[in-house]
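Heads up: the structure comes next, in structure tokens.
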Amino acid sequence: MKKLLTYILATLLSAFGLLTLFLSTSVLFDLFGIREREGQYVLFVVWANFIASLLYLAAVLGFLKGKKWSSALLGISTLLLAAAFIGLKIHVSLGGAYEPKTIGALLFRISVSLGFTITSYFLLTKKINKT
């Protein structure tokens, strides 16, 4: 059962990481006209998403191998996104241009990252304690 849960979590995290990587690189490198569709994007938020996507994908490898550091990578991604959210709030309060959907999307990413972090921590901790 734990092995199945591990594969399900790894699959979900891989999909989330690849989607995040695709969307962030599409905005950064103006692929497929996505930059224009995003409107008033905030560049440091896009970079935070890009870095988080790389951390997600690295964490998948560690998670599948039962490495404890994968939870740390996910925790770092959560903190990075939280810092980007604080930066976004400062940017908005200073009158910077942004899309209102960015706030909801960033809160969603932080929540999902935190969920992955907590789940991987408990799965890996129990696995390590049994061996």
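The table below gives the values:
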| read-out | value |
| --- | --- |
| Segments classed as helices (runs of 4 or more DSSP H), wholly inside region 1-86, with at least 2 members that are without any contact (Cβ under 8 Å) to a residue 40 or more places away in the chain and of a type in the set (Gly, Ala, Ser) | 2-28, 43-64 |
| Any hit, region 32-44, residues being modelled with pLDDT of 95 or more and of a type in the set (Gly, Ala, Ser) | no |
| Looking only at region 61-88, and only at residues there that are within 13 Å of Leu123 (Cα to Cα) and crowded, with 17+ Cβ neighbours inside 10 Å, the one that is modelled with the lowest pLDDT | Phe63 |
| Number of positions in region 99-124 that are surrounded by fewer than 18 Cβ atoms within 10 Å (Cβ to Cβ) and among the charged types (D, E, K, R) | 2 |
| Residue ID - nearest to the chain's Cα centre (by Cα), chosen from residues in region 87-117 that are among the hydroxyl-bearing types (Ser, Thr, Tyr) and assigned to a helix (DSSP H, G or I) | Ser113 |
| Complete set of residues in region 94-122 that are of a type in the set (S, T, N, Q) and farther than 24 Å from Arg37 by Cα | Ser111, Ser113, Thr117, Thr119, Ser120 |
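The values are calculated or read from the model by the stated rules, or taken from the named source; none is laboratory data. Please read these numbers as outputs of a predicted model, since none were measured by experiment. Methodologically, a virtual Cβ is constructed for each residue, glycine included, from the backbone with ideal geometry; neighbour enumeration extends over all protein chains shown.
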